[in-house]
Amino acid sequence: MDIDKLMFNTSDSLNSEKARVLLRLILTKTNEYDKIKKAFDTY
Amino acid sequence: MRIKTATAFVLGLTMYLNGLFADEKPTVAILATGGTIAGTGTSASSNAYSAGDMAINTLIASAHGVENLANLKFNQVANIPSPDMNDEVWLKLAKAAQEYLDDDSISGIVITHGTDTMEETAYFLNLVLKTNKPVIITGAMRPATALSADDPIDLYNAVAAAASEEAKGKGVLIVMDDRIFDARDCSKTNTSTLDTFQSWNSGALGYIDFGHIKFYKAPLRKHTMDTEFNIKEIKFLPKVDIVSEYEGGITDILKFVASRPDVKGIVVAGVGDGNLYNGYRQAYV
């Protein structure tokens with residue numbers, strides 16, 4: 001990953017440990033930014 | 001007179017039904033992973049102890065009356081303090097939990113767990129298990145040998161919740177210190193107090209008083225049956241690291257973590273509402 005090209009998304013009200021859990025799970029499905037963002041709005 | 005007759009009739013009917021279904025207690029599976037709840041201390045007034053010493057059958061013996069709530073099945077999945085929780089145990093635990101949940105003879109499950117990473121395991125299971133049955137995670141803040149140990153009542157309440165109708169369809173629940181929380185919002189907030197588990201942003205879903213359950217709300221974020229994740233399909237979890245932001249910025253650490261080829265994602269625990277140091281703030285959506 002290039003630090004200048006990192007794309008950020010809010011974890012909503014998840015703390016960092018739980019955000020990590022969800023990011024790991026959604027990364028088993030997709031690398032697409034919009035889909036990752038949607039997961040954080042859904043779960 | 002009429003009211004009395006009706007009451008007598010209802011009482012009679014209840015006694016008849018109780019007799020009829022006396023042998024039909026729900027069956028609850030208890031999956032043990034270790035933690036303080038299975039810990040033994042050096043003295044009753046000390047919090048120095050070794051987590052995960054006790055097997056689940058020894059542990060359950062202290063929860064007097066629990067056998068009246070349900071028929072119990074035991075599975076010692078692991079026996080570790082929860083700071084040692086890892087992907088291997090997570091996947092083993094989740095797969096074992098799913099097997100019990102798929103069994104028609106099981107009404108619900110209880111998972112005993114150390115408190116340090118309980119909220120992470122709860123949220124993981126909340127997203128990957130496919131079930132409407134109650135899945136209850138519980139633990140203890142004090143080892144079983146301590147004064148006013150909390151493991152007997154936590155276990156009793158957890159089994160009551162797992163055997164209940166009320167806890168169905170609410171995802172994975174944390175039952176600690178007479179409170180019921182949803183997996184998404186609940187966190188450990190204090191290093192030693194019995195009421196350490198709280199959902200600061202949304203409050204407890206309900207309360208449980210010696211097995212008597214009162215729910216006041218249910219989680220609205222999607223969980224269990226309504227997620228796109230299924231433990232039966234998960235063989236490996238990509239590596240994601242957490243980097244904490246602070247005064248002065250974390251550019252060097254972020255660069256190092258981002259440069260590692262095995263890291264597939266990064267969680268930045270930003271300041272305030274997730275703010276990052278000058279220069280990366282713009283990247284925030």
Residues being more than 7 Å from chain B (Cβ to nearest Cβ) and either touching a Gly at 6+ places or on another chain (Cβ under 7 Å) or over 21 Å from B:Leu129 (Cα atoms) (or both) - total across the stretch A:12-25: 1
I need the full set of residues from the stretch B:212-225 which are touching a Ser or Thr at 6+ places or on another chain (Cβ under 9 Å) and surrounded by 12 or more Cβ atoms within 10 Å (Cβ to Cβ), in order please. B:Ile213, B:Lys217, B:Pro219, B:Arg221, B:Lys222, B:Thr224
Which one of the conditions (1) facing chain B (nearest Cβ under 7 Å); (2) surrounded by 20 or more Cβ atoms within 10 Å (Cβ to Cβ); (3) hydrophobic (A, V, I, L, M, F, W, C) does A:Leu6 fail to meet, given that it meets all the rest? (2)
Could you please give the count of residues in the stretch B:219-234 that are facing another protein chain (nearest Cβ under 7 Å) and either among the acidic types (Asp, Glu) or outside any loop (DSSP other than H, G, I, E, B) (or both)? 1
Give B:Gly265, B:Gly203 a once-over and let me know the one that is more than 8 Å from chain A (Cβ to nearest Cβ) and either of a type in the set (A, V, I, L, M) or not in a helix (DSSP H, G or I) (or both). B:Gly203
Which residues, counting only those in the stretch B:242-255, are surrounded by 15 or more Cβ atoms within 10 Å (Cβ to Cβ) and at the interface with chain A (Cβ under 8 Å from one of its Cβ atoms)? B:Ile242, B:Leu254
Based on this model, can you work out whether B:Val110 counts as part of a helix (DSSP H, G or I), in the same structural domain as B:Phe215 (by TED's automatic domain parsing), in contact with a strand residue (DSSP E or B) (Cβ under 9 Å, 6 or more places away or on another chain) and not small (Gly, Ala, Ser)? no
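Table: residues versus (1) under 27 Å from B:Ser148 (Cβ atoms); (2) among the aromatic types (Phe, Trp, Tyr); (3) over 18 Å from the mean Cα position of the chain (by Cα).
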| position | (1), (2), (3) |
| --- | --- |
| B:Tyr207 | yes, yes, no |
| B:Pro219 | no, no, no |
| B:Thr224 | no, no, no |
| B:Glu245 | no, no, yes |
| B:Thr251 | no, no, yes |
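Would you confirm whether any residue within the stretch B:207-218 is at negative phi and facing chain A (nearest Cβ under 10 Å)?
To start, the set of residues in the stretch B:207-218 that are at negative phi comprises B:207-209, B:212-218.
If we keep only those that are facing chain A (nearest Cβ under 10 Å) too, we end up with none.
No, there is no match, as no residue in the stretch B:207-218 is at negative phi and facing chain A (nearest Cβ under 10 Å).
The values are calculated or read from the model by the stated rules, or taken from the named source; none is laboratory data. Since the structure is predicted, the reported quantities are computational estimates derived from the model, not experimental observations. Positions of Cβ are backbone-derived with ideal geometry, glycine not excepted, and every protein chain shown enters the neighbour counts.
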